1. Taking the Cα centre of the chain as the origin, how large is its charge dipole in debye, to the nearest 20, when only Lys and Arg (+1) and Asp and Glu (-1) carry charge on their Cβ atoms?
2. Quick one: P(r) of the chain from all Cα-Cα pairs, 10 Å bins, percents rounded to integers, in order of increasing distance.
3. Taking H placed 1.01 Å from N in the peptide plane, check which residues at least 5 places from Ile28 or on another chain put their amide H under 5 Å from its amide H.
4. With the dipole of the stretch 3-77 worked out from charges on the C-beta (+1 for Lys and Arg, -1 for Asp and Glu) around the Cα centre, which of Ile65, Thr48, Ile28 lies farthest toward the positive end?
5. Helix 3-23 versus the longest principal axis of the chain: what is the Cα-based angle in degrees, 0 to 90, to the nearest 10?
6. Using each residue's phi in the stretch 62-76, evaluate 6.51 cos²θ - 1.76 cosθ + 1.60 at θ = phi - 60° and report the 3J(HN,Hα) Karplus result to the nearest Hz, with x for Gly and Pro.
7. Quick check on packing: order 10-16, 32-38 by the mean number of other C-beta atoms within 10 Å, highest mean leading.
Amino acid sequence: MNTEELTLNIEKALDEIRPFLNSDGGDIKLVSIEDEKHVKVRLEGACTGCSLSMSTMKAGVETTIKKYAPQIETVVNIA
């Protein structure tokens, strides 16, 4: 999978997650992909101060991204 395909797949994963975040007043944005293995995202809106954001990252975001792009090793939220 080339960089363009990887980016498209990660955006598809975020599009799958986005409605759940939007329903709680939040959103998510892809910040960067490093070495085609590490993804940085930014949780926005209500998600920035939510106490469940860490579990959202692991259970929702990371799992969904890995479903679309299995080579991804880490997904981190940057402020």
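1. The dipole of the chain has a size of about 220 debye.
2. That works out to 20, 58, 21, 1, in percent per bin.
3. When sequence neighbours closer than 5 places are left aside, the close amide H contacts are Glu44.
4. The one lying farthest along the dipole's positive direction is Thr48.
5. 20
6. Computed from phi, the couplings for the stretch 62-76 are 4, 4, 5, 4, 5, 5, 7, 9, x, 6, 5, 9, 9, 10, 10 Hz.
7. Packing proxy ranking, top to bottom: 10-16, 32-38.
Values in this text are rule-based calculations from the coordinates and carry no lab data. Small disclaimer: the values here were computed from a predicted structure and weren't measured. Cβ: placed from backbone, ideal geometry, glycine included. Neighbour counts: every protein chain shown.
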